[in-house]
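Report on the structure given below.
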Amino acid sequence: MAPAIELVGVDKRFGAVHANRNIDLVVEAGSIHGIVGENGAGKSTLMSILYGFYEADAGEIRIDGASRRIRSSRDAIAAGIGMVHQHFMLVEPLSVLDNVMLGAEGGALLAQGAAATRARLAELGRAYGLAIDPDATVGDLPVGLQQRVEILKALVRGARILILDEPTAVLTPAEADQLFEMLRALRAEGKTVILITHKLREIMAVTDRVSVMRRGEMVAHFDTARTSAQELASAMVGRPVLLKVDKTPAAPGEIALAAEGLVARDRSGVARVDHVSLSLRVGEIVGVAGVSGNGQSELLLALAGIAHPQEGRITLGGRDVTRLSPAALRKLGLAHVPEDRHHMGLVLPFEENESALLGYQDDPAYGSGPLLDRDAVRADARVKIRAYDVQPPDCLLKTANFSGGNQQKIVLAREMERDPNVLIVGQPTRGVDIGAIEFIHKRLIAMRDAGAAILLVSVELDEIMALSDRILVMCGGRITGERRAADTNAQELGLLMAGVTEKAA
Amino acid sequence: MTETIDNAVFVLASALRLAVPLLLACLAGLWSERSGVVDIGLEGKMLGAAFAAGAAAAVTGNAWVGLAAGVAASVALGLVHGYASIDQRGNQIVSGTAINMIAVGLTALLGAAWFGQGGRTPPLEGAARFQPIALPGADAAAAIPVLGPIYRSLISGQDALTWLALAAAPLTAFVLYRTRFGLRLRAVGENPAAVDTAGISVRALRYAGVVICGALCGVAGAYLSVAQAAGFLPQMTAGKGFIALAALVFAKWRPGAALATCFLFGLLDAAAIRLQGVELPLVGQVPVQAIQALPYLLTVVLLAGFIGRAIPPRASGVPYVKER
């Protein structure tokens, strides 16, 4: 049987960036094929070429053995390719049925195709365990179900080849397992699945074969059964990598930061943080696990003094700091690495040395009175660049021109090099490549060992488990459980993340 | 009793006349914004259309030619806005404002140059103007209490463009909610990426929205100069395009609500005219400006509290760029 997809010498440039270099890829029909690579390795570009979002500069695409030109998404759909994008391509105010019908209406009047689409949805629901209410408004559905709508959209259009781009980023571990079950069911029906992810655990769990991309090139192909996460990681980075973080048991001291009964409501009055109490001791890392959007962001903002809680009390070293500003907290030795470096951590059009000073511009070391001493600012930036191995090491370059990992290092260097007593850090490695992750993790552990108290919020459960000494799980704004990292596992944490509380578990 | 009914019918008929251009412009804005293109240039398009319609009707002596000229002028202005907003991904507010300014200047300039009547177009008579259409038996029915005067003065005696405007609202609702084109148009105003990945052209849909908007603005403009008045006057739109935008927000971008809102605004306008110089008990003579301000005040007050948040189509005003 001919391979479902065969790419021969596919090449794509965006100006000076060579996003895909001479890519060869064979995806066998009826298999689940993983594609891994760091951010910017060219995975998404390659899939966008396959789905007709961009046209390749050179190369050939063969579908089921026949050469095809795919110039638009319409061509891709006609060739039997369906895609589930990382950021869902859904129209939120419309119903599930309208979203599924969009582009496949079956006639000029909606009524002409509605009944057939309903029947097809019901049929697919039964066949693959994808049941859904066709009249529900998509925006009201939880993300897991929204993803289901995306998959149904592709299947209703008759997709035989399904591409999923980072599908588990928004799912709880249990939802991810459900998704994998469904992918296996699709494979059993003879469909071909391409899974793009950076989570090696998922690749090992569900794929038949895996291809590795690095800097725009396809560098290796493996049979999943004959490789290991370690080997894949090394192929992705191009050198041996430590996946496990080496650390000694924590020696927690006195309480550095404590919160009691914090409540943070959003504009419509919903408690995003719902009576959260926690304490953080000197010399330990406390991880806050949870699916994105369960109150972790609001908790970070409250603790960092950016959005004061409506109820509750925060103490730093025994002193009440509930109503203090971020600047006052910084002076008291509380540093904050925000979750979204583009939104809160950096000013992208600024030079590196300017971004490296944000929040500390009043420090006398950077000049006296209203004036900044630019030489001192730049000298300080250069020291941090060296200490954190920021690439390229140029403090005059615009912040926007650094890669995600190096931008994150700029923020971390700014906040961590002042030896704060308490560090609150959100998503330290989001969009950061494996090499930089390794570096950041080592730094966090070193800071802990030097006696800092660290609160780590991350949606990456692996990261929480690797770094934390204690783990708090948040779901729906509440803390649904607390575990010592040594005594728990992903399954138990997954249940807590899904809101299954102590008693029920 | 009879006098009260006559009075009421008079105010209602006047409200309808004032509501027609608002309704057409409001539906025009609805088509554009539902497709994701914010159109602050309704006013300018209406004004341009009013001039083109007035001029063409005066020259040819045919109201329908006037209408066609008005629609063509308005669609042409709409295409300029479309090119700036869709192809060039320009700022849609700036482009719309530019169209408003161009329309004011150009109509006055061309009017003065062509007709030499201070920017006016020559007065229209007979077939050069849309005339009231008398329905059968209107006069005979007048004797029937209540229903008679309503039939004679409110339902009968409307011109073709009024009927067109009243039909446009349900037609818009039908196309928007019941057809393939409507579904795609609603989707492209909310999330163009979803439309693009479904293999549908975002550009074509947005141009369609802009062209329909232009056509409806054209009818609105033609109504002003060739039906309501007998010729074009400089700046005769007098802010109606902006009131139509307020009505669009008030109606939350829904065609049924747009119909009701525009009639309400027309009613307030008619009341303002009726109340000029009238002494009200306790209040005394109400300044006409206060009543003329009512539609605006109503929009602000009701939007602030009573009808909840008006959420525009999410992608309206945002040019679509394929992410790299």
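Considering only residues in the range A:452-462 that are at pLDDT 90 or above and of a type outside the set (S, T, N, Q), the one that is farthest from residue A:423 (Cα to Cα) turns out to be A:457.
Scanning the range A:3-52 for residues that are over 27 Å from residue A:405 (Cα atoms), small (Gly, Ala, Ser) and assigned to a loop (DSSP other than H, G, I, E, B) gives A:4, A:29, A:30, A:31, A:52.
Taking the criterion of being touching a residue at least 12 places away in the same chain (Cβ under 8 Å) and more than 8 Å from chain A (Cβ to nearest Cβ), the residues of the range B:171-182 that qualify are B:172, B:173, B:176. Do we have any residue at all in the range A:419-435 that's without any contact (Cβ under 8 Å) to a residue 24 or more places away in the chain and assigned to a helix (DSSP H, G or I)? Taking every residue of the range A:419-435 in turn, none turns out to be without any contact (Cβ under 8 Å) to a residue 24 or more places away in the chain and assigned to a helix (DSSP H, G or I). Just one of the listed residues (A:187, A:157) is within 22 Å of residue A:32 (Cβ to Cβ) and within 14 Å of another protein chain (Cβ to nearest Cβ), namely A:157.
Residue B:226 meets the conditions (1) surrounded by fewer than 24 Cβ atoms within 10 Å (Cβ to Cβ); (2) more than 14 Å from chain A (Cβ to nearest Cβ); (3) of a type outside the set (S, T, N, Q) in every case but one. The failed one is (1). Scanning the range A:160-219 for residues that are among the hydrophobic types (A, V, I, L, M, F, W, C), crowded, with 17+ Cβ neighbours inside 10 Å and part of a helix (DSSP H, G or I) returns A:176, A:179, A:180, A:183, A:186, A:200, A:203, A:206. Checked against (1) surrounded by fewer than 16 Cβ atoms within 10 Å (Cβ to Cβ); (2) closer than 30 Å to residue B:86 by Cα, residue B:200 meets all criteria but (1). Do we find a residue being touching a residue at least 12 places away in the same chain (Cβ under 8 Å) and assigned to a loop (DSSP other than H, G, I, E, B) anywhere in the range B:17-31? Checking the range B:17-31: not a single residue is touching a residue at least 12 places away in the same chain (Cβ under 8 Å) and assigned to a loop (DSSP other than H, G, I, E, B).
Would you pick out the residues in the range B:250-262 that are crowded, with 20+ Cβ neighbours inside 10 Å and at pLDDT 90 or above? Within the range B:250-262, B:251, B:253, B:255, B:258, B:259, B:261, B:262 qualify.
Here's a check for you: in the range A:67-81, which residue that is farther than 24 Å from residue A:182 by Cβ and in contact (Cβ under 8 Å) with a residue 12 or more places away in the chain is nearest to the other protein chains (Cβ to nearest Cβ)? Only one residue tops the list, namely A:74. Residue count for the range A:97-135, restricted to those that are within 13 Å of chain B (Cβ to nearest Cβ) and touching a Pro at 6+ places or on another chain (Cβ under 7 Å): 1. Taken together, B:215, B:187, B:168, B:193 contain a single residue that is over 18 Å from residue A:110 (Cβ atoms) and within 11 Å of chain A (Cβ to nearest Cβ), which is B:193. As a summary of the residue check, residue A:22 satisfies the conditions (1) away from every other protein chain (no Cβ under 14 Å); (2) at negative phi except for the one numbered (2). Of the residues in the range A:290-311, none is assigned by TED's automatic domain parsing to the domain that holds residue A:484, β-branched (Val, Ile, Thr) and at pLDDT 95 or above. Filtering the range A:82-96 to residues that are within 10 Å of chain B (Cβ to nearest Cβ) and either part of a loop (DSSP other than H, G, I, E, B) or among the hydroxyl-bearing types (Ser, Thr, Tyr) (or both) leaves A:85, A:87, A:88, A:89, A:90, A:91, A:92, A:93, A:94. Residues in the range A:248-289 that are at pLDDT 90 or above and on the phi > 0 side of the Ramachandran plot: A:261, A:275, A:283.
The values are calculated or read from the model by the stated rules, or taken from the named source; none is laboratory data. Note that the structure is a prediction, hence the values are computed from the model and not measured. Note: ideal-geometry Cβ built from the backbone for every residue, glycine included; neighbour counts use all protein chains shown.
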